[in-house]
Structure formats: C-alpha cells, structure tokens
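To keep things clear, I will list the structure first and then write my remarks on it.
The values are calculated or read from the model by the stated rules, or taken from the named source; none is laboratory data. In this text the structure is predicted, and so the values were computed from the model without any measurement. We place every Cβ from the backbone using ideal geometry, glycine too, and count neighbours over all the protein chains shown. Just the protein is used for accessible areas: all its heavy atoms, side chains included, with ligands, DNA and RNA removed. Shrake-Rupley method; radii C 1.70, N 1.55, O 1.52, S 1.80 Å.
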Amino acid sequence: MLHFKTIPEDYVRKAAQCAQVAIGCSRAAHQTALRGVTKPTPVLAALTPKVRAFVERSAALCQPDHVHVCDGSEAEASALLGLMQQQGTLKPLPKYDNCWLARTDPADVARVESRTFICTDRERDVVPAARIGQKSVLGNYIAPADYEKAVADRFPGCMRGRTMYVIPFSMGPVGSPLSKIGVEITDSPYVVYSMRVMTRMGSKVLEALRQDETFVRCLHAVGAGGVPGWPCDPQRTVILHRPADNEIISYGSGYGGNSLLGKKCFALRLGSVLARREGWLAEHMLILGITNPAGRKRYIAAAFPSACGKTNLAMMTPTLPGYKVECVGDDIAWMKFDSNGVLRAINPENGFFGVAPGTSAATNPIAMSTVFSNTVFTNVAETQDGGVWWEGIDTAPGKLTDWKGQPWDASKKTPAAHPNSRFCTPAEQCPIIDSNWESAEGVPISAILLGGRRPEGVPLVVEARDWKHGVFMGATMRSEATAAAEHSGKVVMHDPFAMRPFFGYNFGEYLKHWLSMPQAGRKMPKIFHVNWFRKSEQGKFLWPGFGENSRVLEWVLRRCDEEPCHQETPLGYVPKQGELNTQGLGDIDMKSLFSIPQDFWLKEADAIEKYFKEEVGEDLPKEMWTELETLRKNVKHS
Ligand code: OXD
Ligand code: MN
C-alpha cells in the first residue's frame, strides 16, 4: 500500500473534488478534458472503491491539476496525439499511416537496472544467500524504510501543473483465467498512448474490475527536468516493486520498460512472484506456432536475453519448404499447466515494443510489414520525406536527422538511430499473428528453447536430457550484453533464463519453482539450448540464422515426437550426423558449429561454479550442483 503518512487527509478530499474525468465521451470532449480547461466533473464515483482509493491517494500525493480516467477509445487516442504534438513529444511521420516519432531526452534511452529495486521485509526473499547485505546482480533489494523514503523524496507535488492519467489495463485478454489486471497512474501522455498499444486498456477493464477488484497498483511520474517534450529526471530515476502489496512505483523515466509498467515490472517482476505463489510460470519468452508440411501445428516458447533476436524468431519466415511460423508473442509468456497436464501459454501483451536497429526486409520482413501504420517510433532517425531509418534497415540513408534531432553526419561514425530505438506497434497488425493469440486458455507448449549470443564454444542446438538438466541449462545461460539496458561493450554476462533483470524474488527459489513443475499427469515440454551466433576463428557467423533457423526447429519438433535423430554429447543431445537438414545451404562448417572444445567447457564449468557460489550460495538447489558435476565429468571424459 502507498503509505502517504505525510499527506493531510483533507488533501485527499480536495484531490477528489478537483478531479475531472472523461469516460466514453467524444474526441472534442476528450481534447478539452486532456487540456484541463473544462469545469471539474467529479465522476471518480464511477470507479470501483479500491481503484478510486488508489486514484485519490495518488492525486493527494502527486497533486496534479487534473485527473483523467482513460477509456481507451479512438477519440481519446487522437486527442492524446494532438496534445503530444502540441507539447513537442511526438511529430507525425507523413510517409506512413498514423505513425509518429518521439525523441527522448538523450539521458533517458534504456531500462536502468541499477535503479530498479524489489522491496520485501526480508532481504533474502529477493537476494540469494551469497549476496545478503551486498549488491546482487540477481535482484536489487530495497528495505521498506528506504522504499518509503524514495517515494517521499520524489512524489509529493510531482504532478503539479500536469494531468494525471488513470489507465486501467489487462495483461492478457480481458476475462482470460490467465490474465491479470493493473491500474497505471501516470503523468505521461506518451505512456498512456503506448499502454493503449501494449495492453488491453480502458473501459472494458474497469468493467472487469467490477467482477473482481484485484489489481496491481502502478504509479509512474516522469519528474521535473528533461528536454522540451520529454520531461524526465534521470539523476533521480527509481523503479520500485513491492510484491507483497501488488505495487509498482516508478519515477524519473518515460522510457519503455521503466514507464510502461505492464511490461517488465508487472508481467515479469511482479508476475514471477504471482506465478510462484499460484503455481505457474511468468517468463521472458516469445511464443510461436509452427506448422510442418503435413499440416501439424505445435507451439514453442523461447527465452533469449534482450536484443538476441526474439522478435525475429517470433516472426520468422521459414526457408524450409512447407513450414509456416505464426506469432503469438515476442517478449513475455505466462504459462500454466491445465487440468489435462498440458502447459498452456498466453502472451500477456497486446503489442510489440521491438528494437528497431537490425530490422530489415532481409532479417524480419514480417516486422517490416507490421510497423508502418499505427506505430510510435522512439529514437530512430528521420528521413527527409517523413519516414524512418535505422542502422541495418538496408535502405540508403540519404539525408537524415539523427535520434537527437541533429543533421546526421555519417563521417562522425555516431549512429543515426539509438541502438535501443524502438517501434511500438499493435500485435494484431502482424500479418502472421496466430489465430489463437488471444485464446483465453492459451496455446499448448511442446518445447522450450533457451539461448543467448555465444560467439564461442556453444553448439547450434543441444537438447536437455531431462527437465532437471533443462533447468540447469536455463540457470547457466550467458550472453553478450545488449543496448536494451545501460550495459555496454561485448562482455558475456550470465543471464539465467534471460530473466536476470526481471526476477521478482530470490533466484534460488525461482529455480526450485522450475524444478517443482514435473508432477504426475503433466506432459513436460522438452527443453533445448540454441545458439545462432557462434563465430569462426575468423569472426564470421557459422550459421546463417533468421529463416534458416527453421531447420533447427524442424529437428526440435522431430525430437518432440521422440524420433531417434539425436546423439549423446557431454552437453546433452545434438542432431545425429545428417539429421539436421542443411540441404541447399551451401558450405556449412558443421564440425565447428557443433564442436565442444574441452578446455572451453572446463573453463565454462569453473565460471558457472564461481557464479553459483558468489551469486547464489546456499539458496542454490542441490540438483544444480549435481548437474554441474555431471557436466564436468562428461567434458573431462570426452
Ligand atoms: C525488452 C527488453 O525491452 O528485454 O524487451 O529489454
Ligand atoms: Mn524483453
């Protein structure tokens, strides 16, 4: 609960009186309401009691001039666009249909992991035993008193002169038993517009709340400072989660995962806590459907760290004849075993917040045919004819305005688009969106892929011997750092289950939760580790990737049917010689692609041991130590 001890009670009353709310009215009415020039219309009474209390307390704390409850309508969206143009947050991209360009403050361009915290009474609920009292890369802990102080130092009066928006939203289709509801309060119209794309939001969610008033409270404020059109407070940014109270509070950043609180904060950090409590899985995974030439369709979920090609895989155009891939989601999967023991997954999101650089007609033609209508582009470069450009788009740049709004000078070698520039686009526009993507019960998962960017030593695909081994593969995932957060350089980082920045609770407990999944009557999906990014000694990729990854998926599906097309290695099962279809691919150095260098893997085992000891300690399930010993023994004897 927000404990606004310092807020006088009568302010709560005043806040409610001054609140003006527009629900289900015309565009003109929305426009006036959003500009805050109408007479107050006290309709907070239309909200359910808990939502209303949350709104009133937040208004009392932040002291906005106006409160607007979002209905999610077209009229409201177009009024927001008008307002954001006026404020200099967005400009139209006349080359496309209803597309917009936002340029952020150059200091507000990515998730800030170092300022993202989880608050619990006991530190050990967040931080594994080995790191108690120290900094942990597997979870940033904040004590309740510091949490309160962080809020008290930033929020009182932070929305003065601004409008406070109330966004009722659903993660997952409204009404699905797997979905969850949140209410985000924000003073950023950019966040409101983006949440309309990324979640199901508005009146229908308020209606659903009348049946069940459970929701996650999300409070977001951009803070004072920043550049015109992009208010923010990067020096004091903080992103706080209090799972016990179903609460997320974020201050100082308008960007992506820091401000669209349904995504990483709710669907992953709080989601993972809810999932553990309720016996399901909230994961950083894409979901795709794949149909083989015989017309048999299966679904695969896949965990990769940020910017490792999740969106590309989710929208893959298979090169293998007769295969078809359809997209359910590109970033997050909520998965639960149904009463028949089948693991079912939903994509809790409603849009794609994809990394733009590297997206092209060659790498992801489907994304290219998804994003050029009804999309907000953030921090990409702009062409002279009102279009967008980014590194890797594969069209001639011509004269460009860079992501900072300056004429781009190619000779200076600075990127035209920020490496973490994004498109925010409705999922339903994807030409290969799966017909079941909004299915209330979710899609059945046959296989789980795990992977990362591993230039060295790690084979193209390895199947786990069993579920426990698969959990070990997830626990030991590593990948080169990305631009999606504040890290830089090509350092290979541990990123277990691609969840390192997103765990809502102690990683050791998370592993125990995964290990508890096999139960009588459950059909466990097979687990595989894949690596599209292995390089030769000359630094060239050994595998063509993209649509050719369908060849790996074909082998995965054959293994799901228990075809004996595998052989044992020290790491697990790989395709038996000749069983991975490479027909028509030309020269592929299969030996290097699948080699398991003993010295590399002994060092890897040492690195894993160090990581387990230094970062997890006694919270690590003993099964992981057994798996590590098996790995060592297998590699030594290879
Ligand atoms: C993302 C991320 O934005 O993982 O999806 O950083
Ligand atoms: Mn992600």
Worksheet item: In degrees, nearest 10, range 0 to 90: what is the angle between the Cα axis of helix 598-611 and the longest Cα principal axis of the chain?
Response: 40 degrees
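What number comes out for the charge environment of ARG454, summing +1 per Lys or Arg and -1 per Asp or Glu over other residues with Cβ under 14 Å away? Provide the component values of the computation, followed by the final result.
Working: positive: ARG453, ARG478, LYS490, ARG534, LYS535, LYS603; negative: GLU456, GLU480, ASP495, GLU604.
Around ARG454, the charge tally is +2.
Please compute the volume of the convex hull spanned by the alpha-carbon atoms of the range 233-375 and report it per residue in Å³.
On the way: hull volume 19.1 nm³, N = 143.
Convex hull volume per residue, Cα atoms: 133 Å³.
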Practice prompt. For the range 426-554, just say rounded, prolate or oblate: build the C-alpha gyration tensor, square-root its eigenvalues into a ≥ b ≥ c, call rounded for a/c under 1.5, and beyond that prolate if a/b exceeds b/c, oblate if not.
Written response: rounded
Worksheet item: What is the extension gain from ALA143 to SER114, computed as 0.36 nm multiplied by their sequence separation minus the C-alpha to C-alpha distance, in nm to one decimal?
Response: 8.9 nm
Fill in: Inter-label distance, nm, simple model (7 Å from Cα along the C-beta direction), ALA46/ALA396
5.3 nm
Worksheet item: Taking the convex hull of the alpha carbon atoms in the range 59-111, what volume per residue do you get, in Å³?
Response: 153 Å³
Worksheet entry | Between the range 227-292 and the range 395-425, the alpha-carbon center distance in angstrom | 28 Å
Worksheet item: Can you pull the semi-axes for the range 559-608, root of five times each eigenvalue of the Cα gyration tensor, sorted largest first, whole Å?
Response: 24, 17, 7
Worksheet entry | Relative contact order of the chain, defined on C-alpha pairs under 8 angstrom at six or more residues apart (%) | 14 percent
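Over the range 138-211, what relative contact order in percent results from Cα pairs under 8 Å that are six or more residues apart?
On the way: 74 pairs, mean separation 22.1, N = 74.
It comes to 30 percent, rounded to a whole number.
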Practice prompt. Net charge near PHE507: determine it from the other residues with C-beta under 9 Å of the C-beta of PHE507, scoring Lys and Arg +1 and Asp and Glu -1.
Written response: -2
Fill in: Alpha carbon convex hull of the range 486-638, projected area averaged over orientations, nm²
11.8 nm²
Discussion item. Could you give the length gained by full extension between ALA129 and MET524, i.e. 0.36 nm per residue of separation minus their alpha carbon distance, to one decimal place?
Written reply: 139.2 nm
Worksheet item: Which part of the range 224-250 falls in the paramagnetic zone of LYS404, meaning amide N under 20 Å from the point 7 Å along Cα-to-beta-carbon?
Response: 225-235
Fill in: Efficiency of FRET from Cβ geometry, GLN538 and THR319, R₀ 30 Å, rounded to 0.05
0.75
Item to complete: Could you tell me which of rounded, prolate or oblate describes the range 285-347, using a ≥ b ≥ c as the square roots of the eigenvalues of the alpha-carbon gyration tensor, with rounded for a/c under 1.5 and, failing that, prolate when a/b is larger than b/c and oblate otherwise?
Response: oblate
Item to complete: Go through the range 176-184 residue by residue and turn each phi into a ³J(HN,Hα) via Karplus (6.51, -1.76, 1.60, θ = phi - 60°); whole Hz please, and just put x for glycine and proline.
Response: 5, x, 8, 7, 9, 10, x, 10, 9
Practice prompt. Take the Cα coordinates of the range 339-382, assign each an equal point scatterer, and use the Debye formula without solvent to give log10 I(q)/I(0) at q = 0.24, 0.29 Å⁻¹.
Written response: -0.96, -1.22
Worksheet, complete the sentence: For the table LYS91/LYS264; LYS540/LYS576; LYS149/LYS613; LYS264/LYS490; LYS135/LYS603; LYS576/LYS633, the rows whose alpha-carbon distance is greater than 29 Å are LYS149/LYS613
Worksheet item: Alpha carbon centre of the range 133-172 versus the range 66-111: separation in Å?
Response: 23 Å
Fill in: Solvent accessible area, Å² - HIS494, 1.4 Å probe, full protein context
30 Å²
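Would you please classify the overall shape of the chain from the alpha carbon gyration tensor, given that a ≥ b ≥ c denote the square roots of the eigenvalues, rounded means a/c under 1.5, and beyond that prolate means a/b larger than b/c while oblate covers the rest? Each step should come with its number before you reach the end.
Numbers: a/c = 1.76, a/b = 1.45, b/c = 1.21.
Note, shape of the chain comes out prolate.
Could you tell me the calculated FRET efficiency between GLU278 and SER435, based on Cβ-Cβ distance and R0 = 30 angstrom, to the nearest 0.05? Walk me through the numbers before you get to the answer.
Values: r = 28 Å, r/R0 = 0.92.
Working from the Cβ atoms, E equals 0.60.
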Fill in: Label zone at VAL491 (point 7 Å along Cα-to-Cβ), backbone N below 19 Å, the range 122-151
131, 134-141
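Normalised by the empirical 2.2 N^0.38 Å for globular proteins, what value does the Cα Rg of the range 325-476 take? Show your work: numbers first, answer last.
Values: Rg = 19.3 Å, N = 152, 2.2 N^0.38 = 14.8 Å.
Normalised Rg, Cα atoms only: 1.30.
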Item to complete: Describe numerically, in nm with one decimal, the distance between label points set 7 Å from Cα along Cα→Cβ at GLU74 and at THR414.
Response: 4.1 nm
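Quick check: net charge around ALA314, other residues with Cβ under 11 Å of its Cβ, Lys/Arg +1 and Asp/Glu -1? The partial results should precede the final answer.
Numbers: positive: LYS310; negative: GLU326, ASP330, ASP331, ASP434.
So the environment of ALA314 carries a net charge of -3.
So what is the 222 nm mean residue ellipticity for the chain from helices alone, if each DSSP H run of at least 4 adds -39500 (n - 2.57) and you divide by all residues, rounding to the nearest 500 deg cm²/dmol?
On the way: 17 runs with 161 residues, N = 638.
Result for the chain, helices only: -7500 deg cm²/dmol.
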Fill in: Computed lengthening from GLU563 to LEU585, 0.36 nm per intervening residue step minus Cα-Cα distance
5.6 nm
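Under the definition of Cα pairs under 8 Å and six or more residues apart, what whole-number percent is the relative contact order of the range 509-638?
Values: 77 pairs, mean separation 30.9, N = 130.
Worked out over the range 509-638, it gives 24 percent.
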